[in-house]
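Below is one structure; the comments refer to it alone.
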Amino acid sequence: MKHKSIYAIAAMCCLASVQTMAQKTLGEATKGKFLFGTAVNMQQVNGVNAAESAIIASEFSAIVAENDMKPQPIHPAEDRFNWDNADKIVAFAEKNKQTLTGHCLIWHSQVPNWFFVGEDGKPATPEVLKERMRKHIHAVVGRYKGKIKGWDVVNEAFEDNGSYRNSKFYQILGKDFIKYAFQFAHEADPNAELYYNDYNVETPSKCDAIVQLVKELKAAGLRIDAVGSQSHMHMINPTVEAAEASFKKLKAAGVHILITEWDISILPSPYEGANISTNFSYSKEMDPYRDGVPADVQAKWNKRMLDMFNLFLKYDDVIDRVTVWGVTDNGTWLNGFPIRGRMDYPMLFDRNNKRKPIVDQMIKLAKKYKTIKKK
Ligand code: G3I
C-alpha cells in the first residue's frame, strides 16, 4: 500500500503543478471565477493585424465587438443591414471557443438618424420609434440567437447626477424606451442574458439611478441579469472604495455585475467620463509620456490595476465577466480621447504586442482566490 501511495502522491503533485503551470493566461487563471475578455475590431478579426489576432485567440475567454454590432454600423438604413462584420466576429469567437457578448442594441451614440425621423422630416412619433426599436432588436438579436451569451440592451441612459440622459430615445418615448428595449430583446432570444451598461457607475447618484431602474424593470416582470460597469478608470478615480460601494448596491438589487470596458488611463485627465462627443485641445503637459512611462508612474499604474483586479476577484460571486477595452496600447481609444493624438498605456499588451509584467502579476493574484460555486 505504502509503495503505491507515494507514486499516487507524486502523480497528484505533478498534476497540480501542471495545472498551475497551465494557467498561463488570464483567461485560464480566471476560469470558474469570471470570464476574462477583450473588445475586438475587424483588423484583428480579419487577421490583418495578425499579432493582435493571435493574442486575442490565446489570452482571453470572451470577446465583444468594439464597434461592429452597434446600431450605426449594423443597421445604417431602415431597409438595410450590414451583417458581414458581425457574422465574422461570431465565427471568430466560435473558432477560438470564446464566449461572445453583444454590444449594444440601444444607445444615444453611433445610432443612425433614420431611427428618429418621421414623415416629412418631422421627429418620429412614439409609435414609429417603438416599432423601429422592435424591428432592430428582433433582427439583430434574432440573427445571433444562441450564439451570443448576453446583450448590452441599453447603454449610457443616465447622466452622472442620476437624471435621464436627454437622448432622442428619451425625448420621443420617455424613460419607457428602456422597458421596450428589454422586452423586445427577451422576445427575440428568451435564453440570452440581458444587461444595462454604463460608465461612472461608481458615482453614487448614477449608481442609485441604475438600481432604481433595475427595480422598475423587475417590477414590470422584465428580465435583467446584470449591470455592466464600463470601468473606464484613471490613476486616482474611481477609488477602490467607490467601486466596492457600487458593487454592494448592485448585488443588493439582485443583479450580477459585469466589468465591461475596463481600462486605466495613465495620463492626466481633464475629463473623467466616456461620453465620446467630449473633446479637449492637445497640449504637451497633457501628453507627458511620449518617450515612455517613468518607472515610478508605471509602478503606480501596476498597483492600481492589481488593487482593482483584487476587488473584482473578491466579488467573483456576482462578477461574471471582466472585459478590457482593447488589446495593445497601439489600438486603445484612449490615444484619441478625450484629447486626440496622445500616447496612453492602458492596455495589458504594449506597442510591440508584448505582454506587460502586470499580466503575470494578475494571474498570480487570481490563483490566490479559490474558485467558489456561483449563485
Ligand atoms: O468606421 C469609420 C471609418 O469608416 C472612418 O473612416 C473613420 C474615420 O473617422 O471612423 C470610423 O468610425 C470610428 C469608429 O470608432 C470605428 O473605428 C468612429 O469615428 C469613432 O468615433 C469610433 O469610436 C468608438 C467610440 O466608441 C464611438 O462612440 C471607439 O472605437 C470605441 O472604443 C468606443 O467605445 C465606447 C463604447 O462603445 C461605449 N462606452 C464608451 C466607449 C468609449 O467611448
Hey, among the residues in segment 149-207 that are closer than 18 Å to Glu261 by Cβ and of a type in the set (Ser, Thr, Tyr), which one's farthest from the chain's Cα centre (by Cα)?
Thr203
Tell me, yes or no, whether segment 289-299 has at least one residue that is assigned to a loop (DSSP other than H, G, I, E, B), over 16 Å from the mean Cα position of the chain (by Cα), within 16 Å of the ligand (Cβ to nearest atom) and over 28 Å from Phe60 (Cα atoms).
no
Do you know which residues across segment 341-375 are within 16 Å of the ligand (Cβ to nearest atom) and either modelled with pLDDT under 95 or of a type in the set (Val, Ile, Thr) (or both)?
none
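Among the residues of segment 317-330, write down those that are within 16 Å of the ligand (Cβ to nearest atom), part of a loop (DSSP other than H, G, I, E, B) and under 16 Å from the mean Cα position of the chain (by Cα).
Within segment 317-330, Trp325, Gly326, Val327 meet the criteria.
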Check every one of the helices (runs of 4 or more DSSP H) wholly within segment 49-98 and list those with 3 or more residues that are under 23 Å from Tyr195 (Cα atoms).
71-74, 84-95
Any residue in segment 40-58 that is within 24 Å of Ala181 (Cβ to Cβ), more than 14 Å from the ligand (Cβ to nearest atom) and buried (at least 16 other Cβ atoms within 10 Å of the Cβ)?
no
Give the number of residues within segment 71-112 that are open to solvent by 10 Å² or more (accessible area, probe 1.4 Å) and closer than 18 Å to Ala181 by Cα.
7
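Sort through Asn353, Asn279 and tell me the only one that's open to solvent by 10 Å² or more (accessible area, probe 1.4 Å), under 28 Å from Val45 (Cα atoms) and touching a residue at least 60 places away in the same chain (Cβ under 8 Å). Explain how you work it out, then say what you get.
On the way: Asn279 fails: under 28 Å from Val45 (Cα atoms).
Just one listed residue meets the conditions, Asn353.
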Does Ile56 satisfy being closer than 28 Å to Trp114 by Cα and of a type in the set (A, V, I, L, M, F, W, C)?
no
Contact list please: Cβ distance under 9 Å, first residue in segment 215-236 and at positive phi, second residue acidic (Asp, Glu) and within 16 Å of the ligand (Cβ to nearest atom), pairs at least six apart or on different chains.
Ser231/Glu202; Ser231/Glu261; Ser231/Asp263
I'm checking my understanding of the structure. Among residues of segment 226-237 that are farther than 20 Å from Val318 by Cα and within 15 Å of the ligand (Cβ to nearest atom), which one is surrounded by the fewest Cβ atoms within 10 Å (Cβ to Cβ)?
His234
Based on what the data block shows, is Ala242 without any contact (Cβ under 8 Å) to a residue 24 or more places away in the chain, more than 16 Å from the ligand (Cβ to nearest atom) and closer than 30 Å to Asp176 by Cα?
no
Scope segment 180-225; condition farther than 17 Å from Tyr164 by Cα and within 16 Å of the ligand (Cβ to nearest atom); matching residues:
Tyr195
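Go through Lys88, Lys95 for me and flag whichever is within 16 Å of the ligand (Cβ to nearest atom), of a type in the set (Lys, Arg) and closer than 26 Å to Asn353 by Cα. Give the derivation first.
Values: Lys95 fails: within 16 Å of the ligand (Cβ to nearest atom).
Of the residues listed, the single one that is within 16 Å of the ligand (Cβ to nearest atom), of a type in the set (Lys, Arg) and closer than 26 Å to Asn353 by Cα is Lys88.
The values are calculated or read from the model by the stated rules, or taken from the named source; none is laboratory data. Just so you know, these numbers come straight off a predicted model, no measurement behind them. Virtual Cβ from ideal backbone geometry, glycine too; neighbours counted across all protein chains shown. Heads up: the accessible areas ignore ligands, DNA and RNA and are worked out on the full protein's heavy atoms, side chains in. Shrake-Rupley method; radii C 1.70, N 1.55, O 1.52, S 1.80 Å.
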